[in-house]
1. In a shell of Cβ-Cβ distance under 11 Å around A462, excluding A462 itself, what net charge do Lys and Arg (+1) and Asp and Glu (-1) give?
2. For the residue pair I33 and D183, what label-to-label distance in nm results when each label sits 7 Å from Cα along the Cα-to-beta-carbon direction?
3. Of the peptides 592-598, 239-245, how do they stack up when ordered by the mean number of other Cβ atoms within 10 Å, highest first?
4. Under a Cβ-Cβ cut-off of 13 Å, what is the net charge of the residues other than G250 that fall near it, where Lys and Arg count +1 and Asp and Glu count -1?
5. Taking the beta-carbon count within 10 Å as an exposure proxy, list Y564, Y575, Y247 from fewest neighbours to most.
6. What is the fewest-to-most order of M48, M623 by other Cβ atoms lying within 10 Å of their Cβ?
7. Ranking E442, E343 by Cβ neighbours within 10 Å, fewest first, what do you get?
8. Output the Cα-based Rg and Dmax of the range 241-309 in Å, rounding Rg to one decimal and Dmax to a whole number.
Amino acid sequence: MSNNTMSSDEKLDSQALNNENPPQEASYDANSIDVLEGLEAVRVRPGMYIGSTGPRGLHHLVWEIVDNSVDEALAGYCKNITVSLNEDGSMTVIDDGRGIPVEIVEKTGKSAVETVFTVLHAGGKFGGGSYKVSGGLHGVGASVVNALSEKLEVEVYRNGKVYSQVYKRGIPDGTLKEIGTTDLRGTKVTFWPDKTIFHDINEDNERVEIFFEFDTLLTRLREMSFLNKGLRMMITDKAKNRTEEFYYEGGIASYVEYINDTRNTLHKPPVYFEQTKDDVVVECAMQWTELYGESVYTFVNNINTHDGGTHLTGFRNALTRVINDYARKNNLLKEAESNFTGEDVREGLTAIVSVKVGNPQFEGQTKERLGNREVQGITQSVVTEALTDWLELNPKQAKEVITKVNQARMAREAAQKAKNLVRRQSALESSSLPGKLADCSEKDAAKCEIYLVEGDSAGGSAKQGRNRVFQAILPLRGKILNVERVQPGRIYENTEVQSMIQALGLAVKEDEEENTGSAKTAGLLRPNALNLDLSKLRYHKIIIMTDADVDGSHIRTLLLTFFYRYARPMVEKGYVYIAQPPLYKIEKGKRIEYCYNDHKRDLVLAELGDKAEVQRYKGLGEMNAEQLWETTMNPATRTLKQVNVDDASEADHIFDLLMGEAVGPRREFIERNAQYVTNLDI
Ligand code: 28F
């Protein structure tokens, strides 16, 4: 193509490519030294940039790259993002945006591509006026991913050409090269996380290699496609030949429908509105259900603000004010009756509040609370106006909602009476312990653990096999009540729950006006929650030990639901664990091997040959006290799964599937995901 036909863009590109044959010796100018120091800083203290070098940090690498593609979508140029988990453990992300520019960037003397991948925080491609999406750690940029990858390959499809550059631990392995022509547009990044940096630590403090988890990727990509309506996201696990695709025209209204898809709702479709005020975009979807729980999730520039913030406060203030005004104005709340509280109006409410802010200020320990003061008033006025309109335009549905809110008010007052009853009772009986608790002799809670064991037979073996100094046993009858279906005030009356509360030493805190704990601001702690005083907890390890079968996983999920909804701070502190009993016992002559998964079983069988006898454990009761101790309770040999709260909306959904009225989907879900439920992280 002759010179005069090139566009300015292409002319610039060709200049970039004339860099092809730079002077032979590498030119270490000031920029290159900055680059090397920047990448070195990342490799020396990766935790500063991605939070940890465990599984969460590993997945942050993906979010950083995907966020750059989502930014292209927010800018209106990208419609499809594909994520591929490759068989060699590498990760590929492809988008159909404009493709990273290839011309030389003034400031760095390098191509824009090389700048994006080698200069720290170079990603900030947008000035004012649009919103830089960024993962939980607010966009450390693609250069951090590059520094923490053994290898990273970027391909740019732009101006009908394909450009490519490769880096090794962040250092360019050659310049940007034109490698072909194409009629595609977009950017493709493949990276191999650095195994010397990313690892987990097992019980014996040994480093173990970690891998991308399909379910983790699935949950976040699904969430991002909800948050960016019309964006198609595809994910493929090459090794398992499994592909999932997410595409929601309805955006966060579809998100609310997804969370509520196993719940009975009071109105259809969800309330949905979006309005921009003073450069802040406020988008909201809401739908009340028959449930008692509250599921309100808030986002800023697609970042999940688990700890809420000013957008949530504005939303809540508007909601409470509008519902009370509407109820009084339409004689649905008598003059003499007290106002609905915030908890009353949010009972059974599923809502997504997603705001887009040009300069978000994040606060709190995990930087997951929005601090911008102006956003509170903006959110409050947008929600007030839109919700008032919806109620007035939908009087029938409005009446359904107010009736439900009124029931919540009455239940709250009942629960208050029940709490007072529990307080009086425990005061009278001065912290009685349940009869069937086999307590331990150690008194320092930090050294003590309690096994919540399903069934009396396993309970018996556990009592016999345990170490009485620091291990307590509480046998629980099969199905404890389904915590989602009882009136809030009734939870205290269930004997199983009551003995668990007493055994654990959970005390109800004096009611504080506004519980400032994170769970409350995240809107996930229920009004009738036990509002616990964890300082009275008698054990710092609560270990759920149930059979590995479907019923066992159901009971375990019920217990997890109880802790998650009524004692969330305990989960946040990492006090809750799941015991991992062996699935198989393999015997050959004197040799006995216990296997905890099918893979280990196959390895042992391969070693012992087919003479070996394999026993598949159906339940804990098949092990005697000695075996139960050796395989599942002895801290020196057992494996415990620590339960951590990571994605509330997904956990919310899973619990519903398991708690829902519709037995069919629940049974089908448990069967299909028994393994998933077993390893359920909430
Ligand atoms: C798989 C990962 O990283 N996609 C990206 C773009 C598009 C532009 C851009 C990115 C400009 C100078 C900073 C294109 N045309 N996917 C991605 N797509 N970065 S990253 O610009 C980078 C800035 O350096 C882009 C016009 N404007 C912006």
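No value in this document is a laboratory result; all are computed from the given coordinates. Computed from a predicted structure; not experimentally measured. Counting neighbours? That spans all protein chains shown, and the Cβs are built from the backbone with ideal geometry, glycine included.
1. Value of the local net charge: 0.
2. Rounded to a tenth, the inter-label distance reads 5.0 nm.
3. 592-598, 239-245
4. So the surrounding residues net to -3.
5. The order, fewest Cβ neighbours first, is Y247, Y575, Y564.
6. On the way: M48 12, M623 22.
By the 10 Å Cβ count, ascending, the order reads M48, M623.
7. E442, E343
8. Computed over the Cα atoms of the range 241-309, radius of gyration and Dmax are 14.0, 47 Å.
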